[in-house]
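One structure is given here, and the rest of the page talks about it.
The values are calculated or read from the model by the stated rules, or taken from the named source; none is laboratory data. This structure is a prediction, so every number in the text was calculated from the model and none was measured. We place every Cβ from the backbone using ideal geometry, glycine too, and count neighbours over all the protein chains shown.
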Amino acid sequence: NAGVTQTPKFQVLKTGQSMTLQCAQDMNHEYMSWYRQDPGMGLRLIHYSVGAGITDQGEVPNGYNVSRSTTEDFPLRLLSAAPSQTSVYFCASSYQVDNYEQYFGPGTRLTVT
Amino acid sequence: KQEVTQIPAALSVPEGENLVLNCSFTDSAIYNLQWFRQDPGKGLTSLLLIQSSQREQTSGRLNASLDKSSGRSTLYIAASQPGDSATYLCAVLNFGNEKLTFGTGTRLTIIP
């Protein structure tokens, strides 16, 4: 199993540009989520999904969209990048949301200038 | 709103010592608590998952305890090694929603 994979590893965007961060898992996990990690703020939940076709907002959803058309993939879209979105983004998955370990991808480091 | 605190933010200990990392949370209505390790520039690696009905979990030199009523968890590392140097994060999953709440972590340095 490849586990949770994320692409790209690094990205630089200009303010106003849009892009999609990719996340995929090959463990047949129902639950997937996106976090951002900022110094002094810890990890904060952006969006999550409890299964294909179902998504919901986390703590900091503004400026981001998600969709879950398949069990394997959970892309995160930045609609119009802002410097405040400079961060490290992590995707995670687990078999189900409750009482199962969360597995994290290696992260995408995004810089918005 | 659940709040998770980890104190201290940083800790340095000589190699070979046993040590304890602390995690506290404000809302005891949780499904589980999970301890993670994060190496610089890397993702998170799950270390131990304690379900709300459990008091502790062990994996090798690691032992995690959970006292739900007092809102506390500890991660005990025995016979520390330089390879244990990393940031350790705890996270809780609350009843009623599907969201993990993370602490800000303890950065551990093991001095050879």
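No other residue among B:Gly41, B:Gly71 is within 19 Å of B:Gly105 (Cα to Cα), touching a Phe, Trp or Tyr at 6+ places or on another chain (Cβ under 7 Å) and of a type in the set (Gly, Ala, Ser) apart from B:Gly71. Filtering the range A:61-113 to residues that are touching a Lys or Arg at 6+ places or on another chain (Cβ under 8 Å) and under 15 Å from A:Lys9 (Cα atoms) leaves A:Ser87, A:Val88, A:Tyr89, A:Phe90, A:Pro106, A:Gly107, A:Thr108, A:Arg109, A:Val112.
Hey, can you tell me all the residues within the range B:42-85 that are among the hydrophobic types (A, V, I, L, M, F, W, C) and farther than 22 Å from A:Tyr100 by Cα?
Within the range B:42-85, B:Ile77, B:Ala78, B:Ala79 meet the criteria.
Of the residues making up the range B:40-96, those that are among the aromatic types (Phe, Trp, Tyr) and either under 14 Å from B:Cys23 (Cβ atoms) or modelled with pLDDT of 95 or more (or both) number 2. Only residues that are buried (at least 21 other Cβ atoms within 10 Å of the Cβ) and out of contact with any helix residue (DSSP H, G or I) (no Cβ under 9 Å at 6 or more places or on another chain) were counted in the range B:51-78, giving 4. Could you say whether any residue in the range B:93-110 is in contact with a Leu (Cβ under 7 Å, 6 or more places away or on another chain), surrounded by 19 or more Cβ atoms within 10 Å (Cβ to Cβ), farther than 24 Å from A:Ser33 by Cβ and not aromatic (Phe, Trp, Tyr)? Yes, there is a match, as at least one residue in the range B:93-110 is in contact with a Leu (Cβ under 7 Å, 6 or more places away or on another chain), surrounded by 19 or more Cβ atoms within 10 Å (Cβ to Cβ), farther than 24 Å from A:Ser33 by Cβ and not aromatic (Phe, Trp, Tyr).
Residues checked against (1) more than 25 Å from A:Ala2 (Cα to Cα); (2) among the aliphatic types (A, V, I, L, M):
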residue	(1), (2)
A:Leu45	no, yes
A:Asp56	yes, no
A:Thr70	no, no
A:Ser84	yes, no
A:Tyr89	no, no
A:Arg109	no, no
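Only a single item in (1) buried (at least 20 other Cβ atoms within 10 Å of the Cβ); (2) under 13 Å from the mean Cα position of the chain (by Cα) is not met by B:Thr5, and it is number (1). For the structure I just gave you, tell me whether A:Thr5 is within 14 Å of chain B (Cβ to nearest Cβ), assigned to a strand (DSSP E or B), in contact with a Ser or Thr (Cβ under 7 Å, 6 or more places away or on another chain) and surrounded by fewer than 21 Cβ atoms within 10 Å (Cβ to Cβ). Here the answer is no, as A:Thr5 does not meet what is asked.
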